[in-house]
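These notes concern the structure reproduced below.
We did not get these values from a lab; they are worked out from the coordinates using the rules stated. Note that this is a predicted model, so its numbers are computed, not measured. All Cβ positions, glycine included, derive from the backbone under ideal geometry; neighbour counts span all protein chains shown.
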Number of protein chains: 2
Amino acid sequence: MLRQCATRLSRPSPLRAIAIRADCFATSSARRTDRAVIYAENGNPAEVLRVKSYDPLPPPPPGSVNIRFRLSPINPSDINVVQGVYPAKPTQQHVSGEDVFIGGNEGLAEVVDVGSNVDGLHKGDWVTLGKAQFGTWASTRVISAEDVIKLPAGGFSEVNAATINVNPPTAYNMLHQFVDLKEDDWVLQNGANSAVGQAVIQIAARKGIKTINFVRSRPDLDNLICSLTQLGATHVFTYDALSDKSLAKHVKQWTSKSPIRLLLNCVSGPDTTAMTRLLGDNAHLVSYGAMSKKPLSLPTSLFIFKNLTTHGYWQHRWYQEHSRQEREKLMRTLANLKLKEPEHEILDLSGEPSDEAATKRLRDTLTKIEAGFSKKVLLRLQ
Amino acid sequence: MLRQCATRLSRPSPLRAIAIRADCFATSSARRTDRAVIYAENGNPAEVLRVKSYDPLPPPPPGSVNIRFRLSPINPSDINVVQGVYPAKPTQQHVSGEDVFIGGNEGLAEVVDVGSNVDGLHKGDWVTLGKAQFGTWASTRVISAEDVIKLPAGGFSEVNAATINVNPPTAYNMLHQFVDLKEDDWVLQNGANSAVGQAVIQIAARKGIKTINFVRSRPDLDNLICSLTQLGATHVFTYDALSDKSLAKHVKQWTSKSPIRLLLNCVSGPDTTAMTRLLGDNAHLVSYGAMSKKPLSLPTSLFIFKNLTTHGYWQHRWYQEHSRQEREKLMRTLANLKLKEPEHEILDLSGEPSDEAATKRLRDTLTKIEAGFSKKVLLRLQ
């Protein structure tokens with residue numbers, strides 16, 4: 001059940017990150033058409049989303065900055081927002097004479113113009129968003145200085161910076177908010193191949209915390225196990241292992257000095273119920289997703305006699321409850337962790353001659369995502 | 001659905017409590033045979049439990065006291081312990097040449113002899129147990145002074161003192177440990193007719209906290225609603241109301257200024273799932289039982305987007321984690337609340353001429369409990 005993996009991934013060097021930034025600065029002087037990916041009403045993203053050009057922004061009002069998005073991911077939750085099935089909703093925007101919504105919750109932007117009465121932000125700064133559902137699938141936006149999070153200079157590659165807003169802080173905070181974990185403690189997680197799961201493995205490994213990771217079975221399972229092990233996973237299992245009685249014995253042996261006190265869950269359903277039996281006393285189960293679309297069903301005895309506590313985690317709420325200073329501190333912490341870039345593909349619409357051509361390419365990609373394309377797609381509009 | 005109840009229960013007066021004590025002291029000088037309710041192995045209580053006489057105790061060793069039990073309840077969890085299906089186990093005792101277990105977890109005892117090096121305990125003090133599964137179905141026991149909790153003099157009636165160890169502190173601590181409740185806040189609970197549920201209603205009402213209470217439908221429902229309303233319940237419903245869509249609207253209206261943040265659960269199963277939909281954001285669901293014998297099954301979205309937290313509560317753990325001073329402080333707090341005595345019947349075996357006759361009466365009562373006798377049975381051995 002436990003597979004070994006000999007090779008170790010080479011980490012992106014700081015030099016490489018600098019090279020990427022230099023290249024990006026060079027392209028930033030090219031001729032631009034400002035465009036946004038918009039929708040007038042909820043529905044199937046491949047049908048309701050379209051690309052629309054708009055006039056250049058006026059200078060920002062006091063307390064605000066104009067930002068230019070460099071790279072914005074298309075996350076599963078963004079799809080849910082467009083479908084209208086996500087609890088957080090964007091506010092309507094006026095784009096070239098139309099009242100619409102702009103897609104996107106996450107992205108890397110660069111400050112291009114600074115209004116009066118703005119402290120600590122300068123032209124050229126890399127920023128991400130402290131405000132949820134802001135609409136990051138746009139070339140340029142004006143935004144209150146309080147709603148951006150300045151990223152540490154040189155701290156992230158462009159891809160890491162564009163994907164730093166949700167998944168890595170979710171992983172980091174779940175590992176720190178609920179249990180005071182020390183070196184050689186254990187964490188159990190499912191959906192270990194998710195972006196959050198991979199960040200959990202890496203952040204835990206940096207602190208010497210061991211992880212027991214569950215993934216779905218798949219044809220290329222050995223490759224996946226190898227890749228998660230290279231990230232720092234201690235053990236990787238498929239959910240089938242949960243019906244093997246020897247698993248509980250092994251886990252008990254491994255964790256005898258430090259019974260597992262943290263389970264991170266993005267799956268729910270019966271497999272997660274089975275995973276809770278591997279926990280020690282006084283454990284915390286933290287849910288941040290429910291990919292099985294089934295409820296979290298637990299024997300009441302676990303709560304009463306083993307003192308299990310179950311929580312949810314939503315990065316959106318964390319941003320609402322924390323100041324700009326606290327957000328920027330978290331970003332500096334994440335930068336120091338030098339997480340591996342997620343596997344990704346860049347959808348570059350900057351060269352498309354018309355909104356129609358850009359819309360067609362966008363919709364083709366959305367159809368591919370809908371069909372189960374596994375890499376993260378990052379949108380570049382200029 | 002909401003029933004009104006005009007009459008108010010008269011509370012037991014302090015004079016009545018004193019009268020009961022006086023009476024009890026009077027009987028304590030009668031001739032005694034020390035007896036215990038014992039079992040050699042787990043099984044059906046009506047078959048494995050028996051009454052056995054034993055010699056009077058020697059004087060207590062240093063740091064210990066001899067206590068005489070006045071009244072000890074037969075709780076549902078005691079039955080589970082005898083059956084061998086409860087997670088806490090008693091330790092074996094030597095009774096008249098036999099290695100056996102003594103039943104009972106809760107009870108009112110009186111200090112009858114104080115060993116050397118014991119502070120703060122005197123002959124005649126009323127005490128209850130700080131140690132779980134001590135074996136309270138016995139005339140006399142020797143116990144470490146650290147394992148008793150002294151009750152405030154005159155603070156409780158004999159019946160209240162005998163039932164103060166588990167249910168009232170469970171209710172009190174669940175109302176205070178998880179949410180900082182203020183006057184006019186709301187608490188939701190199921191199993192509201194349980195001993196804990198009735199204590200919750202009374203303790204909440206004393207602080208001006210409102211309760212929405214769920215009970216099973218039954219032939220004498222109106223009487224039950226009346227009795228819970230007299231205790232201080234704000235609303236009482238049967239679980240059938242959960243399928244009535246107007247309930248959620250009513251609850252929303254009542255609790256609009258203070259959405260419900262605490263749900264106390266001793267049932268689990270689908271009705272409890274339905275009850276969680278009545279909760280506001282940042283609520284805590286605390287389980288202390290699972291009478292439906294079904295799991296607690298919740299949509300993961302409640303954890304993530306509504307920030308629900310679920311916990312367990314076990315009074316046994318609280319005693320383990322708190323000092324004798326803290327335990328006695330809790331008892332003084334409970335005494336001041338003047339809770340109503342639970343409905344009860346006293347099984348007085350003190351007059352039985354032989355162990356066999358006492359065993360027969362005990363087993364008859366256990367059979368009655370097994371068949372669903374609803375009042376609490378309190379055992380008096382002398």
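Legend: mean number of C-beta atoms from other chains within 10 angstrom of residue C-beta atoms, peptide B:313-320, equals 2. Placing unit charges on the Cβ atoms of the charged side chains and taking the dipole of the protein assembly as shown about its Cα centre, the candidate lying farthest along the positive direction among B:Thr333, B:Ser139, B:Gly372 is B:Thr333. Name the shape class, rounded, prolate or oblate, that the alpha-carbon gyration tensor gives for segment B:49-172, where a ≥ b ≥ c are the square roots of its eigenvalues, rounded holds for a/c under 1.5, and otherwise prolate holds if a/b is larger than b/c and oblate otherwise. Oblate, since a/c reaches 1.5 and b/c is not below a/b.
Label zone (B:Asp281, point 7 Å along Cα-to-C-beta; backbone nitrogen cut-off 16 Å) within segment A:318-337: A:318-323. Contact order for chain A, expressed relative to its length and based on alpha carbon pairs under 8 Å spaced 6+ residues apart, stands at 19 percent.
For segment A:133-138, putting each phi into the Karplus relation 6.51 cos²θ - 1.76 cosθ + 1.60 with θ = phi - 60° gives couplings of 6, 6, x, 9, 8, 8 Hz, in residue order, rounded to whole numbers and with x for Gly and Pro. Angle between the Cα long axis of helix B:355-370 and the longest principal axis of chain B, 0 to 90 degrees, nearest 10? Between helix and principal axis, roughly 10 degrees. Taking chain B as a Gaussian network, where each spring joins two C-alpha atoms under 10 Å apart, which residue of B:Leu71, B:Leu278, B:Leu108 fluctuates the most? Maximum among the listed residues: B:Leu278. Amide H contacts for B:Val377 (H built 1.01 Å from N in the peptide plane; partners 5 or more residues away or on another chain; cut-off under 5 Å): B:Ile74, B:Glu345.
Sort segment B:167-317 into rounded, prolate or oblate with this rule: let a ≥ b ≥ c be the square roots of the eigenvalues of the Cα gyration tensor; rounded if a/c is under 1.5, and if a/c is not under 1.5, prolate when a/b is larger than b/c, oblate otherwise. Rounded, because the longest to shortest axis ratio a/c is under 1.5. The modelled label-to-label distance between B:Ser217 and B:Glu326, using points 7 Å beyond Cα along the C-beta direction, is 4.5 nm.
Which of B:Ile346, B:Ile225, B:Ile203 moves the most in a Gaussian network model of chain B with Cα springs under 10 Å? Ranking B:Ile346, B:Ile225, B:Ile203 by mean-square fluctuation puts B:Ile346 first. Inter-part distance, segment B:98-168 to segment A:352-368, computed on C-alpha centroids, equals 78 Å. Taking Cα atoms only, the orientation of helix B:167-177 departs from the longest principal axis of chain B by about 50 degrees.
Annotation for B:Lys252, label-to-label distances across the other copies: 4.9 nm (shortest first, one decimal, point 7 Å from Cα along Cα→Cβ).
Within the listed set A:Asn167, A:Asn44, A:Asn265, the Gaussian network model of chain A (springs between alpha-carbon atoms below 10 Å) gives the highest mean-square fluctuation for A:Asn44. For peptide B:285-294, the mean count of partner chain Cβ atoms within 10 Å of a residue's Cβ comes to 3. Where only DSSP H runs of four or more residues are counted, chain A gives -9500 deg cm²/dmol as its mean residue ellipticity at 222 nm, each run worth -39500 (n - 2.57).
For B:Lys360, inter-copy separations between label points set 7 Å beyond Cα along the Cβ vector come to 9.8 nm, shortest first. Helix B:221-231 and the longest principal axis of the Cα set of chain B meet at an angle near 80°.
Given their separation in residues at 0.36 nm each and the Cα-Cα distance between them, A:Ala248 and A:Lys89 gain 53.0 nm when the chain is fully extended. Report the full-extension gain for the segment A:Val142 to A:Arg361: residue separation times 0.36 nm, less the Cα-Cα distance, to one decimal in nm. Extra length available between A:Val142 and A:Arg361 comes to 76.2 nm. Modelled spin-label separation between A:Asn117 and A:Ala274, with each label point placed 7 Å from Cα along the Cα-to-Cβ direction: 5.9 nm.
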